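Participant: Pasting in a structure now, in structure tokens, and then I'll have a few things to ask.
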Ligand SMILES: [Mn+2]
């Protein structure tokens, strides 16, 4: 079953089985979904599909699956048909133990599945349809997101229902939310690329190589630059004042003094080229000894996925769209994001933008403090958010900072205390020699004898006791590279 060749036809076979199961049910379908942008879009696509098929459904979000959550869900809802979105593959044992009376369970996921899948499928107390491209040889880390998996299901009905092809944009937003844009010039690859092609062919998405600054039409250029963290722009990121000066200095504002009204979208190709050149210059003065001009350019330009026929300024760029959904999840309001995908967009857009602004503010404050608090322990860089870093911001701060620390192997970020424990996020740094950060973290937790967590090759996170922080770092120092 686990062959290393990509077996597209068998994958499509399973997709069709899931589509058939959905189509043949008239009972309420429960959708249980993860809260990040990929989870929200995965659930949004399925919910929209069920709506178009006239099937009743209930949508519920959760950050993680555990036995308590599943048991209480089971007891309260007594569900017959359940679809898991962006979770479930790693918890098949728990799912089959708790949802005993269910008739059908469909899992749409791209995380690493449990071992001995065949046994689960054979002994399952319900009809189990497990749609995970990893089973068919795809790399779930960067070739396909859960939102893409759910689009494949919807696609089965696309000849009958014309509106379905429009859902390709949600699949793309989810894949970008999971940072799967790892192809040449930040393009999507693998099964995600098939969906991009379908979206382009049908005029849903326009793909073009451009500056990767978020907020191309939704905010003034100076603000968009000040809010750019990937990469951090020296003297500009985090400083509206610095961004204004930069634009004035490079001569972009001549003739149009109203900085509030110039957006990235307003610049012509020459002005964009000038902006790129000056940004590269600015970064290379600060980091030129560690990055080539080519590398710096590749951080600033790449494929952008523009959603056509979209007039809401923050929804036009698929990357920006995904940051909105991500903010909803981080602030515990994923259903508001989902409602914008499924229901009346005009009704929910403003609420989503409000959440995004709140989240953005918290992140920029946290990054500011993080930049002042980097400590080095050999190849390990530590940011201890002791009494200032909220648990729900820790992983985002770690991801942002990991792209901007140029020496060392591993970044470790601690949150502030939560009930005697701290959240710890680990990231591989840009030029790291570490291969698999998850394995490294697991080894460290084993040696520590406490704490638990998860993740993948590039990023991992766990909860450890507050008093174990120092010990954790020293263990990491011993076992890393
Ligand atoms: Mn995902």
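The values are calculated or read from the model by the stated rules, or taken from the named source; none is laboratory data. These figures come from a predicted structure and were not determined experimentally. With ideal geometry, Cβ positions are generated from the backbone for all residues, glycine too; neighbour counts draw on all protein chains shown.
Participant: Among the residues of the stretch 82-95, count how many are without any contact (Cβ under 8 Å) to a residue 60 or more places away in the chain and away from the ligand (no atom under 14 Å from the Cβ).
Facilitator: Number of matching residues: 6.
Participant: So for the stretch 141-155 (the condition being touching a strand residue (DSSP E or B) at 6+ places or on another chain (Cβ under 7 Å) and away from the ligand (no atom under 16 Å from the Cβ)), does at least one residue qualify?
Facilitator: Within the stretch 141-155, none of the residues are touching a strand residue (DSSP E or B) at 6+ places or on another chain (Cβ under 7 Å) and away from the ligand (no atom under 16 Å from the Cβ).
Participant: Moving to a separate point now. Would it be correct to say that residue 165 is surrounded by fewer than 22 Cβ atoms within 10 Å (Cβ to Cβ), over 23 Å from residue 88 (Cβ atoms) and within 16 Å of the ligand (Cβ to nearest atom)?
Facilitator: Judged against the criteria, residue 165 is not a match.
Participant: Another one. Of everything in the stretch 1-45, what is touching a strand residue (DSSP E or B) at 6+ places or on another chain (Cβ under 6 Å) and within 16 Å of the ligand (Cβ to nearest atom)? Give them in sequence order.
Facilitator: 31, 32, 33, 35, 39, 42, 43
Participant: Turning to a different aspect of this structure: Can you say whether residue 121 is farther than 20 Å from residue 29 by Cα, part of a helix (DSSP H, G or I) and modelled with pLDDT under 95, as far as the supplied structure shows? Steps first, please.
Facilitator: Details: farther than 20 Å from residue 29 by Cα: yes; part of a helix (DSSP H, G or I): yes; modelled with pLDDT under 95: yes.
Answer is yes for this residue.
Participant: Would you confirm, using the coordinates I've provided, whether residue 214 is touching a residue at least 60 places away in the same chain (Cβ under 8 Å) and more than 16 Å from the ligand (Cβ to nearest atom)? Before the answer, list the steps.
Facilitator: Numbers: touching a residue at least 60 places away in the same chain (Cβ under 8 Å): yes; more than 16 Å from the ligand (Cβ to nearest atom): yes.
Yes, satisfied.
Participant: Looking at the stretch 107-125, which of the residues that are under 18 Å from residue 15 (Cα atoms) and away from the ligand (no atom under 16 Å from the Cβ) is surrounded by the fewest Cβ atoms within 10 Å (Cβ to Cβ)?
Facilitator: 118
Participant: Which of the numbered conditions does residue 280 fail, given that it passes all the others? Conditions: (1) without any contact (Cβ under 8 Å) to a residue 24 or more places away in the chain; (2) out of contact with any helix residue (DSSP H, G or I) (no Cβ under 9 Å at 6 or more places or on another chain).
Facilitator: (2)
Participant: Taking only the stretch 156-184 into account, find how many residues are in contact with a strand residue (DSSP E or B) (Cβ under 9 Å, 6 or more places away or on another chain) and over 17 Å from residue 317 (Cβ atoms).
Facilitator: Of the residues in the stretch 156-184, 2 are in contact with a strand residue (DSSP E or B) (Cβ under 9 Å, 6 or more places away or on another chain) and over 17 Å from residue 317 (Cβ atoms).
Participant: Which one of these does residue 75 not meet: (1) over 21 Å from residue 17 (Cα atoms); (2) touching a strand residue (DSSP E or B) at 6+ places or on another chain (Cβ under 8 Å)?
Facilitator: (2)
Participant: Tell me whether the stretch 188-195 contains one or more residues that are over 22 Å from residue 457 (Cα atoms) and within 16 Å of the ligand (Cβ to nearest atom).
Facilitator: Yes, that holds for at least one residue.
Participant: Only residues that are in a helix (DSSP H, G or I) and in contact with a helix residue (DSSP H, G or I) (Cβ under 8 Å, 6 or more places away or on another chain): list them for the stretch 300-321, please.
Facilitator: Taking the stretch 300-321 as the starting set, the residues that turn out to be in a helix (DSSP H, G or I) are 300, 313-315, 318-321.
The answer is 300, 314, 315, 318, 319, 320, 321.
Participant: Out of 185, 200, 217, I need the residue that is surrounded by fewer than 21 Cβ atoms within 10 Å (Cβ to Cβ) and part of a loop (DSSP other than H, G, I, E, B). Which one?
Facilitator: Working: 185 fails: part of a loop (DSSP other than H, G, I, E, B); 200 fails: part of a loop (DSSP other than H, G, I, E, B).
Answer to the selection: 217.
Participant: Would you confirm whether any residue within the stretch 235-247 is within 16 Å of the ligand (Cβ to nearest atom), touching a helix residue (DSSP H, G or I) at 6+ places or on another chain (Cβ under 7 Å), touching a residue at least 24 places away in the same chain (Cβ under 8 Å) and at negative phi?
Facilitator: no
Participant: Restricting the search to the stretch 168-179, which residues are within 16 Å of the ligand (Cβ to nearest atom), modelled with pLDDT of 95 or more and either over 27 Å from residue 427 (Cα atoms) or not in a helix (DSSP H, G or I) (or both)?
Facilitator: Residue satisfying the conditions is 170 alone.
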